[in-house]
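Here, each number is a calculation from the coordinates, and none is a lab measurement. Just so it is clear, the structure is predicted and the values come from calculations on it, not from any experiment. All Cβ positions, even for glycine, are placed from backbone atoms using ideal geometry, and neighbour counts span all protein chains on display.
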Amino acid sequence: MPKDTALSFRITKALKGELEKVSLNEGRSISQICDALLNGGLESYKKEGSPYLQKFISRGRRALRHSDK
């Protein structure tokens, strides 16, 4: 399917570094890796619903709470 729109958002340096590692390991562009991960996550969300997403959102909140201490 041809890509016909852009999406941009900010991420942490650590996440970008991890995506770059995956990109190099797979011999793919960061854009291709992000597209694959987003599509995979969306398919999982469609199957599992909100609990799938909440696993990741809750993890982020816990990490933020612990970093404030």
At R0 = 35 Å the Cβ-Cβ FRET efficiency linking L42 and K13, nearest 0.05, sits at 0.90
For region 1-46, the convex hull over Cα atoms projects on average to an area in nm² of 4.1 nm²
S29 and I57 label points (each 7 Å along its Cα→Cβ direction) are spaced in nm at 3.1 nm
Summing +1 per Lys or Arg and -1 per Asp or Glu among the other residues with Cβ less than 14 Å from K13's Cβ gives +1
Going residue by residue through region 5-18, the Karplus relation 6.51 cos²θ - 1.76 cosθ + 1.60 with θ = phi - 60° gives ³J(HN,Hα) values, rounded to whole Hz and with x marking Gly or Pro, of 8, 10, 9, 9, 7, 8, 9, 6, 4, 4, 5, 4, x, 5
